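Everything below concerns the one structure shown next.
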Amino acid sequence: MRTILPINQQWYYKPSFEPADVASGIEKERFSQVQLPHANIELPYNYFDDRDFRFVSCYKRVLSIPEQWQGRRIFIDFEGVMCQARVFVDGTPVGGHQGGYTPFSIELTAHVHGGGEHILTVEVDSTERPDIPPFGGTIDYLTYGGIYREAQLRAVPQVFIQDVFVKTPDVLADVKQLLAQVTLDGAMENGLALDIALLDEGRELAARRDVPVTADVCLQALEGLADIVLWSPQTPRLYQVAATLRRAGEVIDQVEVRMGFRQAQFRPDGFYLNGQRLQLRGLNRHQSFPYVGYAMPARVQRRDADILKEELGLNLVRTSHYPQSRHFLDRCDEIGLLVFEEIPGWQHIGDQAWKRQSLRDVREMILRDRNHPSIIIWGVRINESQDDHDFYTATNALAHELDDTRPTGGVRYLTGSELLEDVYTMNDFVHDNGYSRELAKSIRNFGTYDATQVLDGAAIALRQPQQVTGLSHPVPYMVTEYNGHMYPTKRFDQEERCVEHALRHARVQNASYATRGIAGAVGWCAFDYNTHADFGSGDQICYHGVMDMFRIPKFAAAAYRSQKSPQEEVVMEPATYWSRGERSIGGIIPLVVFTNCDEVAFHYNGKHLGTYQPDRQAYPALPHPPVVIADMLGDWGCKWEDGELVGYIGGKEAARRRFTRNQAPRQLRVAADDFCLNAGDMDATRVTVAALDQLGNTMAFLMEPVQVSVSGEGALIGPDRLSLIGGQTAFWVRTTGQSGRIDVVVESPRLGTQRITIEVKQAG
Ligand code: GAL
């Protein structure tokens, strides 16, 4: 049987590389000891040089090969190295890889021996090599550097199972079947046979045994499958398929993959999951975090999926603009969050060699991820690139060859672009609430701007599909971005801006729901992200998220969250800081309340001013339009009073929020996402910090410092002196590998000291 040894600890790292490093041993004084996932440099939160992570570094590790591995084939597997790796064992080159987002394996059999100790050296080139996508032009995100995902050693028999791909051709029939395509590696021998079994948490539901192997790719069917629960966002039911390889009856290898039974189809009139139309509501996600960029362990990756589904109420995420962590995708499978996954790239298409590398990206992405039921479409164009008939004919053909079960899309901003994919996927940035028209008018007054260039209907939310495709017939169509740079908004921006930011998301989603030919809309974007100097607010941050980089919500987050059904969660989020003089001219009107309640009662200074229903006139198609309260509350110069909002569902009180006229900081709330972490490989959790007023509301403009200290079996990621940003911040704490406890202390000069304890236990 195969054996897997994770090798995520005891790495030695040096932020430089010289050819002599290859032949040398591990001179510990020149290296620091690190764990994977690892970032080649820790960056500040903002304001840094966007070239700081672009260098070549050296990673070393002792590989101790178990005695029992004698006679077996031995591989090293890397999940992600940014962006080019060259691998050496005892000074000998053994292989390498280009591309920072997909895994690679190198066979070490000829270079190591059972019972031996060997020196592994990895030269990691994290420069933005123009020969590797997404590089060659400018890109609006940072790619960071290092061995930023996990690695392992794997011992397998001479002939072993290389890959198992499971298809479910007729999921809507009462009795279903499953096709397992098993690929073997190694010289074929007589007497090899395969077993295929469908399992439900280890319980065998169906199996075929001892089917003789006649070729290195074997297709096996399991038929007559009854009582299968379909996978969907409501019931993300997963099964396992086990492939077992036997030689003369004896088991020599086994691989188990997780899968689900579901049918996902894009049709000209929308997206259908298991035969039912489902309007897709999503956001784009970059996989980056403050300080360490991409290098976050499984729990933190998984948590992002939970945030998207639970805290933002989405049913789809686009992994813009590259294949993301397998942990994130695994969690999407488990919780029923649909995924649009795409190849690395951003606007630029390189030369023939670059295109060949991009085709390798298509291959590696699909081979890694084609068993995830959550993935419903492959993105096989370079995001927002120009048409390129031959290149995109090739990416589409390859995607369909590797996976004939999923449609392709290719994200463009071009109208009338050549449709080579199954779905026309479009970044439609038309909505600006009339801003470009106004801008044109005012600039025209200076006589320098041709206002005719500006769309007359600039206040529209989305264009009609056929207006975009230019085709005479409807085709499957999805909006893959909107908003973003059209209205960058910081969490602590002026209230009016934060409200308008949220409303733009609501308007576009309303238009998506209202247009039958639009399968759904995926906004830009879930989380703020670090970016190059060519983009963002001049501080290396694009403030385009509905949450900030710490995953702390802006008002726009509530525009999404409030679309959940109240059975899932009652949401009532008034988009206000409750102050008389924050908005232009003063007041808080119109007061937008993002809610899934039937109605909201508004009390001011203890008086009931009115009860308000969702604004179905302005947002007729949204599942839960916001409530908009437009009653004036006195003039500038009047006394400002306390307020209260009460949400009702079916006539019963379901939510209540109170606001004080005179906010003062009363409490520092410190909370960890997890209070129990795993020893062993690196684990981490987020700790959020919020300054709360007398009523538990956060304080939108409090910028006080806090001092963080972490002791015990944990370490702080990032700096230990932080400023609250708009009353809140967060940080991540990681484990050291040992079990024990982690003590976290957060001190604020005004709000006192809070302590929390996180347990670290041996997993299992
Ligand atoms: C798009 C691009 C995204 C991001 C966004 C900002 O053009 O695909 O990566 O830059 O604009 O709105």
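The values are calculated or read from the model by the stated rules, or taken from the named source; none is laboratory data. Computed from a predicted model, the values in this text were never measured in an experiment. Note that we place each Cβ from the backbone using ideal geometry, even for glycine, and neighbour counts take in every protein chain shown. With ligands, DNA and RNA removed, areas are computed over all heavy atoms of the protein, side chains included. Shrake-Rupley method; radii C 1.70, N 1.55, O 1.52, S 1.80 Å.
Annotations for the structure displayed:
- Members of segment 336-354 found to be open to solvent by less than 30 Å² (accessible area, probe 1.4 Å), farther than 20 Å from PHE289 by Cβ and more than 16 Å from the ligand (Cβ to nearest atom), listed by number: GLY336, LEU338, GLY350, TRP354
- Output for segment 467-486, where each listed residue is more than 9 Å from the ligand (Cβ to nearest atom) and out of contact with any Ser or Thr (no Cβ under 8 Å at 6 or more places or on another chain): LEU471, SER472, HIS473, PRO474, PRO476
To keep it simple, each residue is scored yes or no on (1) away from the ligand (no atom under 16 Å from the Cβ); (2) part of a loop (DSSP other than H, G, I, E, B).
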site	(1), (2)
GLY282	no, no
HIS286	no, yes
ALA305	yes, no
LEU308	yes, no
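- Here GLN234 qualifies as open to solvent by 60 Å² or more (accessible area, probe 1.4 Å) and closer than 30 Å to ASN427 by Cβ.
- CYS218 meets each of the listed conditions (1) surrounded by 19 or more Cβ atoms within 10 Å (Cβ to Cβ); (2) in contact (Cβ under 8 Å) with a residue 60 or more places away in the chain apart from (2).
- Test: residue in segment 364-385 that is away from the ligand (no atom under 16 Å from the Cβ), at pLDDT 95 or above, under 14 Å from the mean Cα position of the chain (by Cα) and open to solvent by less than 20 Å² (accessible area, probe 1.4 Å): yes
- Yes/no for THR121 being outside any strand (DSSP E or B) and either more than 30 Å from GLN263 (Cα to Cα) or open to solvent by less than 30 Å² (accessible area, probe 1.4 Å) (or both): no
- Residue within segment 569-591 that is at pLDDT 95 or above, within 16 Å of the ligand (Cβ to nearest atom), among the aliphatic types (A, V, I, L, M) and assigned to a loop (DSSP other than H, G, I, E, B) present: no
- Scanning segment 138-172 for residues that are within 16 Å of the ligand (Cβ to nearest atom) and among the charged types (D, E, K, R) turns up just one, ASP140.
A quick yes/no check of all residues on (1) under 24 Å from GLY517 (Cα atoms); (2) in a strand (DSSP E or B):
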{"residue": "ASN371", "(1), (2)": "no, no"}
{"residue": "ALA394", "(1), (2)": "no, no"}
{"residue": "THR405", "(1), (2)": "yes, no"}
{"residue": "GLY409", "(1), (2)": "yes, yes"}
{"residue": "THR415", "(1), (2)": "yes, no"}
{"residue": "TYR424", "(1), (2)": "yes, yes"}
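- Options LEU414, LEU420, LEU402, LEU398: the member that is open to solvent by 10 Å² or more (accessible area, probe 1.4 Å), within 16 Å of the ligand (Cβ to nearest atom) and either aliphatic (A, V, I, L, M) or within 21 Å of GLY282 (Cβ to Cβ) (or both): LEU414
- Strands (runs of 3 or more DSSP E) fully within segment 163-274 that include at least 3 residues being aliphatic (A, V, I, L, M): 176-185, 192-200, 203-212, 217-225, 239-247, 250-259.
Conditions (1) within 16 Å of the ligand (Cβ to nearest atom); (2) modelled with pLDDT under 95; (3) part of a helix (DSSP H, G or I); (4) open to solvent by 10 Å² or more (accessible area, probe 1.4 Å), marked per residue:
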{"residue": "HIS501", "(1), (2), (3), (4)": "yes, no, yes, no"}
{"residue": "HIS505", "(1), (2), (3), (4)": "yes, no, yes, no"}
{"residue": "SER512", "(1), (2), (3), (4)": "no, no, yes, no"}
{"residue": "ARG516", "(1), (2), (3), (4)": "no, yes, no, yes"}
{"residue": "ALA521", "(1), (2), (3), (4)": "yes, no, no, no"}
{"residue": "ALA533", "(1), (2), (3), (4)": "yes, no, no, yes"}
{"residue": "GLY536", "(1), (2), (3), (4)": "yes, no, no, yes"}
{"residue": "HIS544", "(1), (2), (3), (4)": "yes, no, no, yes"}
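- One residue from TRP69, TRP11 being farther than 26 Å from GLN301 by Cβ, modelled with pLDDT of 95 or more and open to solvent by less than 30 Å² (accessible area, probe 1.4 Å): TRP69
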